[in-house]
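J.: Can you keep this structure in mind? I'll have questions shortly.
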Amino acid sequence: MFKILFAPLQGYTTGIYRKAHRELAGGADAYYAPFLRTENGKVRDKDMRDLDENSIPQIIANSVDEFKTLVCALAGRGFKEIDFNMGCPFPMQVNRHRGAGLLSDLPTVKAIMDEIARHDSKPECERTHFSIKMRLGQESSAEAFALLPILNETPLTHITLHPRLGKQQYKGAVDFDAFRKFAADCRHPLYYNGDVDSLKRIFEIETKFPELTGVMIGRGLLANPALATEYKSGRIWSENERRTLVLKMHAALMDFACRTYQGDSQILAHLKCFWDYPGEDLPKKIFKKISKAGKLDEYREAVALLRQNTEAPHE
C-alpha cells in the first residue's frame, strides 16, 4: 500500500488546518508545512510561528547561503527532517531563482546537495535528514535528468516528483513517460505528485508505477479531506460523511480564527478560503451565501444552513 503525504499549499494547509485534518480525518502518513523563505536575509517570523512538531517543514532557497540560514533556524527549533522545494512554479518564486527556477542551475544545486551531504556526516543526534520536492524542470525535462546524477549521490530520504514543467504551473498534461524514465534511474524512494484527486487516480498511479513509495496529495485532500482514509480503509465515504467531516474541520478552524483574529473582515478572510476546494461539492445556493457573506453573523447563518442540509434525512 502506498504511503500518503499531505502536500503543503500556501494559504491553505496552515498549522490549524493540518492539526484539524490529522485529528478529524487522518489517513496521511506525513504533513508538510508551506515553505519557509527569507526576507532581507532573515527567516520570516510568521512562517516559523505556523510550524508544529507534527509537521515536516519545507524550505525554498536560491543559494547555499540562503539554504544554510533556513536550515539553521529550523535546527534551532529542533527539527530533524526538512524538505527542500525545487518545484514551486509560481513566477514570484521562479523569477527569484527559487523553486522550479533553480532546476537549471547545476552549480547552485550541487552546492546545496553538498551541504546536505555535510549534514549527513554529523553524529545521528545532530543530524538533519532532507528530502526534495521537484518538477521535471522549468523549461525542459532535460533539467531534471541533468540533476539526477547529483541527486543520486546525495543522502536523501526521498524525492517527490511532479511530472510537469514549472512553466506549465498546473495546466496541461503530466508527462508520464518522463516520470517513468526518472523513476527507473532514481536511486531514492520516489513519490508521485500531481492531479491526485480521487481514489481512481491513486489506483491508476499504483498500477502504472508499483515501484513507488507513495503519492503526495495537495488539492485532492483539500477538496476531499477523507481521501487518504478512504484509500487506507478501502471504503468510499458517502457525500454526507464527507460533508460532516468538512463541517467538523471548519468548526475547528472557525474557533481558532475567532480566538486569534479581530473584526469580521479579518476572521472571514481566514475562513472563506477553506471552501475554495470542498465548496465545489456544496449546494450552489448555500455556497453562494457562504461566499457572499460580508459579516460574521451572515457567514454563521450560511454555515448553519449547510449543517442543516447535511443533517436532514435524504431519500
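The values are calculated or read from the model by the stated rules, or taken from the named source; none is laboratory data. In this text, all values refer to a predicted model and were calculated from it rather than measured experimentally. Positions of Cβ are backbone-derived with ideal geometry, glycine not excepted, and every protein chain shown enters the neighbour counts. Ligands, DNA and RNA are stripped out before the accessible areas are found, and what is left, the full protein with its side chains, is counted by its heavy atoms. Shrake-Rupley method; radii C 1.70, N 1.55, O 1.52, S 1.80 Å.
J.: Which one of 161, 199, 148 is of a type in the set (A, V, I, L, M) and surrounded by 18 or more Cβ atoms within 10 Å (Cβ to Cβ)?
T.: 161
J.: Please go through the range 24-51 and give me each residue that is over 12 Å from the mean Cα position of the chain (by Cα), over 18 Å from residue 257 (Cα atoms) and free of Cβ contacts under 8 Å to residues at least 60 places away in the same chain, ordered by number.
T.: Passing the criteria: 36, 38, 39, 40, 41, 42, 43, 44, 45, 48.
J.: What's the total number of residues in the range 116-130 that are open to solvent by 20 Å² or more (accessible area, probe 1.4 Å) and either touching a Gly at 6+ places or on another chain (Cβ under 8 Å) or not in a loop (DSSP other than H, G, I, E, B) (or both)?
T.: 7
J.: Determine whether residue 54 is polar (S, T, N, Q), in contact with a His (Cβ under 7 Å, 6 or more places away or on another chain), free of Cβ contacts under 8 Å to residues at least 60 places away in the same chain and open to solvent by 10 Å² or more (accessible area, probe 1.4 Å).
T.: no
J.: With the structure loaded, tell me whether residue 65 is open to solvent by 40 Å² or more (accessible area, probe 1.4 Å) and in contact (Cβ under 8 Å) with a residue 12 or more places away in the chain or whether it fails that test.
T.: When the stated conditions are applied, residue 65 does not pass them.
J.: If I filter the range 271-311 down to residues being hydroxyl-bearing (Ser, Thr, Tyr) and closer than 14 Å to residue 249 by Cβ, which single residue comes out as nearest to the chain's Cα centre (by Cα)?
T.: Applying the filter and picking the extreme gives 277.
J.: Still on this structure, please answer the following. Can you name every residue in the range 236-288 that is among the β-branched types (Val, Ile, Thr), open to solvent by 60 Å² or more (accessible area, probe 1.4 Å) and not in a loop (DSSP other than H, G, I, E, B)?
T.: Matches in the range 236-288: 260 only.
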